[in-house]
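**Q** Dropping the structure in here first, questions after.
The values are calculated or read from the model by the stated rules, or taken from the named source; none is laboratory data. Given the structure is predicted, the values throughout are model-derived calculations rather than measurements. Every residue, glycine among them, receives a Cβ derived from its backbone with ideal geometry; neighbour counts consider all protein chains shown. Side chains included, ligands, DNA and RNA excluded: accessible areas come from the protein's heavy atoms. Shrake-Rupley method; radii C 1.70, N 1.55, O 1.52, S 1.80 Å.
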Amino acid sequence: MTPEQLHRAEREETRWRILATLNAGRPTSISEHLILKVLGDIKLTATPASLRRELDYLESRKLIEIERGPHNTWLCELTRLGVDVVEYTVPCDPGIARPPEA
């Protein structure tokens, strides 16, 4: 695997883990700080800047909503489409490493 392929795989895995984390926290919004901690706990390397980049990507795909709060804190939650992706009720477009349904 080339370094670029490895980086891409990690980005796509990070996106899936973000969605799964937000699903676990439903119906409450989850702070970016908690998401970053979860990613670190499962050994995915993410910086605050890289996390925001992936959150922005997921928001542009209409899978999450971000509330940009005071003190530069982001609170995130799944949209209806995001829930459907996590629950395997709709297809998942490329860019997210959703594992095969068990």
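**Q** If you scan region 58-102, which residues turn out to be small (Gly, Ala, Ser) and surrounded by fewer than 16 Cβ atoms within 10 Å (Cβ to Cβ)?
**A** Taking region 58-102 as the starting set, the residues that turn out to be small (Gly, Ala, Ser) are 60, 69, 82, 95, 97, 102.
Once the filter is applied, which keeps residues that are small (Gly, Ala, Ser) and surrounded by fewer than 16 Cβ atoms within 10 Å (Cβ to Cβ), region 58-102 yields Ser60, Gly69, Gly95, Ala102.
**Q** Could you give me the residue pairs with C-beta distances under 7 Å whose first residue belongs to region 73-102 and is over 16 Å from Asp56 (Cα atoms), whose second residue is open to solvent by 70 Å² or more (accessible area, probe 1.4 Å) wherever it lies, and which are 6+ apart or on separate chains?
**A** If the second residue must be open to solvent by 70 Å² or more (accessible area, probe 1.4 Å), the pairs left are Tyr88/Glu101.
**Q** For region 11-26, which residues satisfy the criterion of being without any contact (Cβ under 8 Å) to a residue 60 or more places away in the chain and surrounded by 15 or more Cβ atoms within 10 Å (Cβ to Cβ)?
**A** So in region 11-26, the residues without any contact (Cβ under 8 Å) to a residue 60 or more places away in the chain come out as 11, 14, 17-18, 21, 24-26.
Answer for region 11-26, where residues must be without any contact (Cβ under 8 Å) to a residue 60 or more places away in the chain and surrounded by 15 or more Cβ atoms within 10 Å (Cβ to Cβ): Arg11, Thr14, Arg17, Ile18, Thr21, Gly25.
**Q** If we scan region 36-54, do we find a residue that is more than 21 Å from Thr89 (Cβ to Cβ) and touching a Cys at 6+ places or on another chain (Cβ under 9 Å)?
**A** Just the residues of region 36-54 that are more than 21 Å from Thr89 (Cβ to Cβ), to begin with: 36-54.
Among the residues that remain, those that are also touching a Cys at 6+ places or on another chain (Cβ under 9 Å) are: none.
No, every residue in region 36-54 fails to be more than 21 Å from Thr89 (Cβ to Cβ) and touching a Cys at 6+ places or on another chain (Cβ under 9 Å).
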